[in-house]
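The values are calculated or read from the model by the stated rules, or taken from the named source; none is laboratory data. Quick caveat, the model's predicted, so the values are computed rather than measured. Don't worry about glycine lacking a Cβ; one is built from the backbone with ideal geometry, like all the others, and counts go over all protein chains shown. Just so you know, the surface numbers come from the protein's heavy atoms only, side chains and all, with ligands and any DNA or RNA stripped out. Shrake-Rupley method; radii C 1.70, N 1.55, O 1.52, S 1.80 Å.
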Amino acid sequence: MEPDRKLLEILVCPVNKMPLSYDREHQELISKAAGLAYPIRDGVPIMRPDEARQLSDAERDFK
């Protein structure tokens, strides 16, 4: 299930309030600045920092 496109346009990282990028393949919202990937479950972004995973250095540079 895909998240709503309008929702994705207005969401920002809860840690630093910066824009997020959508990773369709992994179903995550990526905050390069914070180094976090927020999961999307059943089309719902989980915007809790304690639920996010840390990006590796390679992911920060690539994504």
Quiz item: Treating the beta-carbon of each Lys and Arg as +1 and of each Asp and Glu as -1, no other charges, what is the dipole magnitude of the chain about its Cα centre, to the nearest 20 debye?
Solution: 200 debye
Quiz prompt | Model label zone, ASP42; criterion: amide N under 17 Å from point 7 Å along Cα-to-beta-carbon; scope the range 1-18 | solution = 1-4
Quiz item: Round to a whole number: what % of the accessible area of the chain belongs to carbon and sulfur, probe 1.4 Å?
Solution: 54 percent
Exercise. Kindly state, as a whole number, the per residue volume in cubic angstrom of the convex hull around the alpha carbon atoms of the chain.
Key: 73 Å³
Quiz prompt | FRET efficiency for ALA58 and ASP4, using Cβ-Cβ distance with R0 set to 25 Å, rounded to 0.05 | solution = 0.25
Quiz item: How large is ³J(HN,Hα), in whole Hz, for each residue of the range 14-19 in order, when computed from phi with the Karplus curve 6.51 cos²θ - 1.76 cosθ + 1.60 and θ = phi - 60°, using x for Gly and Pro?
Solution: x, 7, 10, 6, 8, x
